[in-house]
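> First, the structure itself, so that you have it in front of you.
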Amino acid sequence: MGEKMKKVIFLLFVISTSFTFGQLPDSLMNKWIPSFVVSAGINQIAFTNWVKGGDNSISWTFLGDLHYDFTGDLWSFKNSIKATYGRSKIGSSTYKTTDNDLYIENVAIYNLGWAVSPFISNSIRSSVARGYDYKVTPEVETANFFDPGYVTQTIGFTYDKYANILTRLGFGFQEIFANVHREYTDPDNKATAFRFETGIESVTDVNYKLDDNILLQSKIRFFSQFKSLDVWDVRFDNIISAQITKIIAVSFTYLVVYEKAQSPLTQVKEGLQIGITYRLL
């Protein structure tokens with residue numbers, strides 16, 4: 001892992017330690033709280049007899065973010081589904097996929113009254129649809145829905161005494177599934193469609209209101225196999241969203257992924273979008 005990535009992780013830790021201590025209001029205790037936000041951003045430009053150069057283009061991105069949480073005296077449940085999908089087209093070329101991600105997570109926490117609480121969790125990661133490498137001609141398919149698919153179960157302890165931060169650490173069991181793209185499950189021979197890993201997982205969620213209408217949401221995940229604790233998978237997902245009006249919002253996304261089985265290089269995806277956001281729940 002590069003020095004730049006280490007500095008980013010350290011900065012997140014410093015920020016998280018400054019959050020205020022707090023508890024959930026009594027009015028929200030022992031209730032299922034749903035939240036569903038959808039957003040869409042579209043950029044388009046077209047030319048007719050334009051002599052100064054340029055080409056027609058269109059790009060669009062959709063995001064859905066669903067949460068269904070419960071906080072009780074003994075048990076707390078946190079369920080979330082986040083999906084993004086986007087495509088773009090320039091001139092007479094075909095559409096290209098620019099955003100393609102699905103993340104599902106379920107967490108159950110039992111409150112023992114200790115400083116930390118035991119938890120169990122399950123997470124699923126996949127592409128929404130086909131993904132391609134457009135740097136080569138013709139383009140090469142690199143992923144599809146649940147090809148590969150990552151499923152992780154974790155049992156351990158969580159610390160949730162801050163209003164804006166939830167962090168947990170535990171033993172993880174990770175299953176990787178593939179069909180066509182077996183380079184993710186069997187890099188050497190590409191013959192096996194399944195791989196099972198055991199290791200340590202750490203996940204930290206941050207939800208912090210920077211201003212009345214600006215929200216920071218961050219999730220950082222680490223996973224390392226017991227057989228190679230010197231190599232860690234990292235997923236650092238960030239969204240800063242500003243609600244301009246009831247339906248118009250600006251969002252900046254920044255996703256950093258380091259997973260040696262996928263690539264020896266750190267993967268970075270960032271996006272700036274102005275579009276329509278609507279809270280269904």
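The values are calculated or read from the model by the stated rules, or taken from the named source; none is laboratory data. Note that this is a predicted model, so its numbers are computed, not measured. Cβ coordinates were reconstructed from backbone atoms using ideal geometry, including for glycine residues, and neighbour counts include every protein chain displayed. Heads up: the accessible areas ignore ligands, DNA and RNA and are worked out on the full protein's heavy atoms, side chains in. Shrake-Rupley method; radii C 1.70, N 1.55, O 1.52, S 1.80 Å.
> Can you give me the solvent accessible area of Ser57 with a 1.4 Å probe, rounded to the nearest 10 Å²?
About 40 Å², ignoring ligands and nucleic acids.
> Considering only the other residues whose Cβ falls under 13 Å of the Cβ of Ile90, what net charge follows from Lys and Arg at +1 and Asp and Glu at -1?
Numbers: positive: Arg87, Lys89, Lys96; negative: Asp55.
Here the count lands on +2.
> Per residue, what accessible area does the chain have, given a 1.4 Å probe and all protein chains present, in Å²? Before the final figure, lay out the partial values.
On the way: 16550 Å² over 281 residues.
About 59 Å² of surface per residue is accessible.
> Mind scanning Lys78/Lys227; Lys78/Lys209; Lys78/Lys190; Lys31/Lys161 and naming the pairs with a C-alpha gap bigger than 28 Å?
Lys78/Lys227; Lys78/Lys190
> Report the FRET efficiency, 1/(1 + (r/R0)^6), for Leu229 and Ala46, where r is their Cβ-Cβ distance and R0 is 45 Å, rounded to 0.05. The partial results should precede the final answer.
Numbers: r = 54 Å, r/R0 = 1.21.
Computed FRET efficiency for Leu229 and Ala46: 0.25.
> Given 0.36 nm per residue, what is the gain on full extension from Trp32 to Asp211 after removing their alpha carbon distance, in nm?
On the way: separation 179, 0.36 × 179 = 64.44 nm, distance 2.65 nm.
Length difference between fully extended and current span is 61.8 nm.
> Going 7 Å from the Cα of Gln243 toward and past its Cβ, which residues in the stretch 265-281 have a backbone nitrogen under 12 Å from where you end up?
Within reach of a label on Gln243: 277-281.
> Hey, another quick one. In percent, how large is the relative contact order of the chain, given Cα pairs closer than 8 Å and 6 or more residues apart? Intermediate results must be reported in sequence, preceding the final value.
Working: 682 pairs, mean separation 34.9, N = 281.
About 12 percent, as a whole number.
> Of the listed values (i) 51, 44, 41; (ii) 80, 65, 37; (iii) 71, 53, 34, grab the one calculated as Cα extents along the principal axes in Å from the structure here.
Matching the structure shown: (iii).
> Moving on to the next point. Kindly provide the helix-only [θ] at 222 nm of the chain, computed as the sum of -39,500 (n - 2.57) over DSSP H runs of four or more divided by all residues, to the nearest 500 deg cm²/dmol? It would help to have the intermediate numbers written out before the result.
Values: 1 runs with 14 residues, N = 281.
So the helix-based figure for the chain works out to -1500 deg cm²/dmol.
> Which residue, Gly172, Gly86, Gly53, tops the fluctuation ranking in a GNM of the chain built on C-alpha contacts under 10 Å?
In the Gaussian network model the winner is Gly53.
> At 7 Å along the Cα-to-beta-carbon direction for both Ile155 and Arg279, put a label point, then send me their distance in nm to one decimal.
3.8 nm
> Count the net charge of all other residues whose Cβ sits under 9 Å from the Cβ of Gly172, scoring Lys and Arg as +1 and Asp and Glu as -1. Mind dumping the intermediate values first?
Working: positive: none; negative: Glu197, Glu201.
Here the charged neighbours net out to -2.
> Just to be sure I understand the model, the point goes 7 Å from the Cα along the line to the Cβ. What's the resulting Thr192 to Ile120 distance in nm?
Between Thr192 and Ile120, the label points sit 2.6 nm apart.
> Please report the spacing between the Cα centers of the stretch 170-202 and the stretch 55-101 in Å, no decimals.
Centre-to-centre distance over Cα atoms comes out at 24 Å.
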